[in-house]
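For reference, the structure discussed in these notes is given below.
Each reported figure results from applying straightforward, stated rules to the coordinates on display, with no laboratory input. What you see is a predicted model, and the numbers here were worked out from it, not measured in a lab. Cβ coordinates were reconstructed from backbone atoms using ideal geometry, including for glycine residues, and neighbour counts include every protein chain displayed.
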Amino acid sequence: MAQADIALIGLAVMGQNLIMNMNDHGFVVCAYNRTVSKVHDFLQNEAKGSKVIGAESLEDMVSKLKKPRRIILLVKAGQAVDDFIDKLVPLLEAGDIIIDGGNSEYRDTTRRCKSLKEKGLLFVGSGVSGGEEGARYGPSLMPGGHKEAWPHIKDIFQSIAAKVGTGEPCCDWVGDEGAGHFVKMVHNGIEYGDMQLICEAYHLMKDVLGMDHDEMAQAFDSWNKTELDSFLIEITANILKYKDADGKHLLPKIRDSAGQKGTGKWTAISALEYGTPVTLIGEAVFARCLSSLKDERVRASRSLSGPQGVKFSGNKAAFLEDIRKALYASKIISYAQGFMLLRQAATEFGWSLNYGAIALMWRGGCIIRRLKNDDSVVATLRI
Ligand code: NBP
C-alpha cells in the first residue's frame, strides 16, 4: 500500500540522519540501501519506534510511495548515482521525481536532467551542507534541476532545512540543471577560503605576535562576538583550547598537512574554465596542495630557513585588530568572488540564479553558516 511520502536510498550517516530529520517533521519515509541488511539494522536501531518504513527491493520501495513518487539518493557520488537511476527508470511513471542529494559534479547533474526529461521524469540535484549534524537537525539545502518538481518537494525540503531569523528556511529553489550542485560546489570552495584565512590569521598571531594557544583561543572567542561570528571561528577557538591526554595543547602536535575531497579544486577549475578571478579560493586550494608536500617542505627548510628573529615591536592589540579586520575584509572578497563565478556560470549555461536567496541559504545549517551581520554581507553581495 502506498503510504510513504518520500523514499531515501543510501543508509550511510547522511542518509540515516536525513531520514530521521524528515520523520521528526511528520513525513513517512521509506528507507532503502544497496546492502539490504542495513535497512534491517536501521529499522531495529536508529529508526526504532519511528514512522520510518523499510523496503526489501527497489520494486518494494516504489510500491510503497504516494504519487508523484519522490525518491532521494544519498549515495557515493559518481557511478552509484547513475546505476540507481538506471534501475529506477523502468519502475517509475511520468512526473515522478528523483533527487540526488550527494556531492555530485554539476555537469553530471545537467546530463542526468537532460536524459531523465526525455523519459518524462523530473530530476533534482540538491546541494546538502552541514555534514552529519546538519542532515539530522537542519541542513542548508540547495536544490536545482527541473523546476516543475519544486512544488512537490518544497514543503519537505523547507521543513527539514535549518531555520534562521524569524524562521526562514535555509533552502530555496536555486536554478536549472546542475545549478544546485554548482552552488554547493562554490559554497565548499568558500569554505576552503574561510579555512585558509583562519590559518593565515593563526600564523600571524603565532609567529609574528608570539601569542600562545590560549591567547589565540581567547582572540577567536572574542572575534566570534563581532561580525566574524560563525561556526568556523567558533570551532577554531575550541580547537585551539583543546588539550591532549598529557595536558598539552593538541593542535601543535597535528601534522600540518591537509587533504581534500575535491569540491574546492572543482571550484578553482570552474573559475579557470569560465575566466573568473576566484583568486582567494584558488590560493586556498594551492595552500592545501603545498601543505601536503611535507617531505619537500622539511627538506627545503634546511636550506632556506626564512626570516630570523623578526620581532613585532608595535602595538600588539592594534595589530591583532588589524588581523581581524583583514580576515573580515578577505571573507567578503571571497564571497564576492564566489558570486562572480555563479554569475558567469549563469551566463554560460543560461541559468537564472536567485543570488539573494543563495546568500540567505548560507546563513544557517551549512559549514560557512552564521555571520552576525548577515544582512550587510548579503547587501554587499547584491552590489
Ligand atoms: P558515502 O558517500 O560513504 O556513501 C555510502 C552509500 O553509498 C551507501 O548507501 C553505499 O551502499 C552506497 N554505495 C557505494 Br559506497 N557504492 C555504491 C555503488 N556502486 N552502488 C550503489 N550504492 C553504492 O555516504 P555519506 O558520507 O553518507 O554521503 C552520502 C552522499 O552525501 C555522498 O555523495 C557525499 O559526498 C554527500 N555528502 C556527505 C557529507 C558528509 O558530511 N558525510 C556532507 C554533504 C554531502 P552500501 O551500504 O551498500 O555500501
Quiz prompt | Student exercise, segment 154-238 dipole from Lys, Arg, Asp, Glu Cβ charges, in Debye to nearest 20 | solution = 200
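Suppose every K and R has +1 on its Cβ and every D and E has -1 on its Cβ; what is the size of the dipole of segment 15-102 about the Cα centre, in Debye to the nearest 20? Before the final figure, lay out each step's value.
Numbers: 11 positive and 12 negative charges, 53 e Å.
For segment 15-102, the charge dipole is close to 260 debye.
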Exercise. Could you sort 170-181, 17-28, 242-253 so that the peptide with the highest average Cβ count within 10 Å comes first and the rest follow in order?
Key: 170-181, 17-28, 242-253
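Listing TYR328, TYR335 from the residue with the fewest other Cβ atoms within 10 Å to the one with the most, what is the order? Intermediate values should be presented prior to the final figure.
Working: TYR328 18, TYR335 23.
Neighbour counts put them in this order, fewest first: TYR328, TYR335.
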Quiz prompt | In sequence order, calculated HN-Hα J values of segment 192-208 (Karplus, 6.51, -1.76, 1.60; Hz; x Gly/Pro) | solution = 4, x, 4, 5, 5, 4, 5, 4, 5, 5, 4, 4, 5, 5, 6, 8, 9
Self-check item: Cα shape, segment 1-142, gyration tensor, a/c 1.5 rule
Solution: oblate
Quiz item: What's the center-to-center distance, using Cα atoms, between segment 123-154 and segment 171-234 in Å?
Solution: 23
Exercise. Can you tell me the dipole magnitude for segment 1-154 around its Cα centre, using point charges on the Cβ only (Lys, Arg +1; Asp, Glu -1), in Debye to the nearest 20?
Key: 340
Quiz item: Amide H to amide H, which residues 5 or more places from LEU73 or on other chains are under 5 Å from it, using H placed in the peptide plane?
Solution: ILE9, ILE99, ASP100, GLY101
Quiz item: Antiparallel as a % of all DSSP beta bridges within segment 79-185, to the nearest 5?
Solution: 55
Quiz prompt | Cross-link partners of LYS265 among lysines (Cα-Cα below 20 Å; sequence separation of 8 or more within a chain) | solution = LYS76, LYS184, LYS294, LYS331
Self-check item: Radius 13 Å from Cβ of GLY10, net charge of other residues (Lys, Arg +1; Asp, Glu -1)
Solution: +1
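Relative contact order of the chain: what whole-number percent is it, with Cα pairs under 8 angstrom and at least 6 residues apart? If you can, show how the numbers build up before the last one.
On the way: 659 pairs, mean separation 59.1, N = 383.
Over the chain, the number comes to 15 percent.
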Quiz item: What ³J(HN,Hα) values, in whole Hz, does the Karplus curve 6.51 cos²θ - 1.76 cosθ + 1.60 give for segment 103-117 when θ = phi - 60°, with x put for Gly and Pro?
Solution: 8, 7, 6, 4, 6, 4, 5, 4, 4, 5, 4, 5, 6, 6, 4
Quiz item: What is the set of long-range amide H partners of VAL164 at a cut-off below 5 Å, with H atoms built 1.01 Å from backbone N?
Solution: CYS170
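Which of the residue pairs LYS48/LYS147; LYS48/LYS114; LYS48/LYS117; LYS66/LYS117; LYS38/LYS117 have a Cα-Cα distance greater than 30 Å in the structure shown?
Details: LYS48/LYS147 35 Å; LYS48/LYS114 39 Å; LYS48/LYS117 37 Å; LYS66/LYS117 21 Å; LYS38/LYS117 32 Å.
The answer is LYS48/LYS147; LYS48/LYS114; LYS48/LYS117; LYS38/LYS117.
Calculate how large, on average over all directions, the projected area of the Cα convex hull of segment 158-206 is; give the answer in nm² to one decimal. Display every interim value, and only then the final one.
Numbers: hull surface 20.0 nm².
Projected over every direction and averaged, the Cα hull of segment 158-206 covers 5.0 nm².
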Quiz item: With each label point set 7 Å from Cα along the Cα-Cβ vector, what nm distance links LYS154 and ALA329?
Solution: 4.2
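Can you tell me how segment 83-210 classifies by the Cα gyration tensor, rounded, prolate or oblate, using a/c under 1.5 as the rounded cut? Write out the running numbers ahead of the final one.
Details: a/c = 3.09, a/b = 2.00, b/c = 1.54.
Verdict is prolate for segment 83-210.
How much mean residue ellipticity at 222 nm does the chain get from its helices, if each DSSP H run of length 4 or more adds -39500 (n - 2.57) and you divide by all residues, to the nearest 500 deg cm²/dmol?
Numbers: 16 runs with 199 residues, N = 383.
For the chain, the value works out to -16500 deg cm²/dmol.
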Quiz item: Considering only the chain, what is the antiparallel percent among its DSSP beta bridges, to the nearest 5?
Solution: 30
